[in-house]
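Worksheet for the structure shown next.
The values are calculated or read from the model by the stated rules, or taken from the named source; none is laboratory data. What you see is a predicted model; the values in this text were computed from it and never measured. For neighbour counting, all protein chains shown are included, and Cβ atoms are generated from backbone atoms with ideal geometry for every residue, glycine included. Note: areas computed on protein heavy atoms with side chains; ligands, DNA, RNA excluded. Shrake-Rupley method; radii C 1.70, N 1.55, O 1.52, S 1.80 Å.
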Amino acid sequence: MSNCIFCKIINKEIPSAVVYEDEKVMAFKDINPVAPVHVLIVPKMHIGSIKELTEENAGILADIHLAAKKIAQELGIYEKGFRLINNCGEDAGQTVFHLHYHLIGGKSLGAKII
Ligand code: AMP
Ligand code: ZN
């Protein structure tokens with residue numbers, strides 16, 4: 001999608017700190033981290049949000065979760081734990097409309113979700 005900032009990152013049209021890449025998934029450091037480790041995991045295919053998932057494309061969620069596991073291992077947060085968050089739509093505060101999961105860790109995040 002031509003005006004999507006994450007598609008531009010995926011196409012290397014704008015720079016980012018890539019930490020993982022495979023055929024279907026990319027992950028890069030969040031520009032505004034909320035924890036010592038804060039990575040965004042995205043499908044290379046443009047999907048706007050969970051609302052655009054279908055029977056045909058939902059397999060990407062397994063790919064994203066498997067990437068999250070590998071990245072957590074590589075970035076040293078696997079043993080102590082991490083959080084994988086998706087914001088979907090206005091009330092959730094989604095600001096970039098290319099499906100992404102925040103992989104957050106490297107400190108105690110507490111038991112509360114919000
Ligand atoms: P969300 O509220 O879930 O849509 O979060 C979007 C995230 O994208 C925010 O945490 C931003 O800091 C992050 N972000 C926006 N632009 C960039 C960028 N160019 N490179 C890395 N992260 C970005
Ligand atoms: Zn996109």
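Observations on the structure shown:
- Gyration tensor verdict on segment 38-114 (Cα atoms; rounded if a/c is under 1.5, prolate if a/b is larger than b/c, oblate otherwise): oblate
- Centroid-to-centroid separation of segment 55-90 and segment 13-47 [C-alpha atoms, Å]: 11 Å
- Net length gained if the chain between I50 and K112 were fully extended (0.36 nm per residue, minus Cα distance): 20.0 nm
- Protein accessible area in the chain, 1.4 Å probe - carbon and sulfur %: 54 percent
- Most to least packed among 96-103, 33-40, 44-51 [average Cβ atoms within 10 Å]: 96-103, 33-40, 44-51
- Entries of K69/K112; K8/K69; K8/K112; K8/K70; K12/K80; K29/K80 with Cα pairs more than 30 Å apart: K8/K112; K12/K80
- Degrees, to the nearest 10: 60-74 long Cα axis against longest axis of the chain: 40 degrees
- Helical mean residue ellipticity (222 nm; -39500 (n - 2.57) per DSSP H run of 4+; nearest 500) of the chain: -5500 deg cm²/dmol
- For segment 5-105: accessible area per residue (Å², 1.4 Å): 57 Å²
- Largest mean-square fluctuation among I85, I14, I64, in a Gaussian network model of the chain whose springs join Cα atoms under 10 Å apart, belongs to I14.
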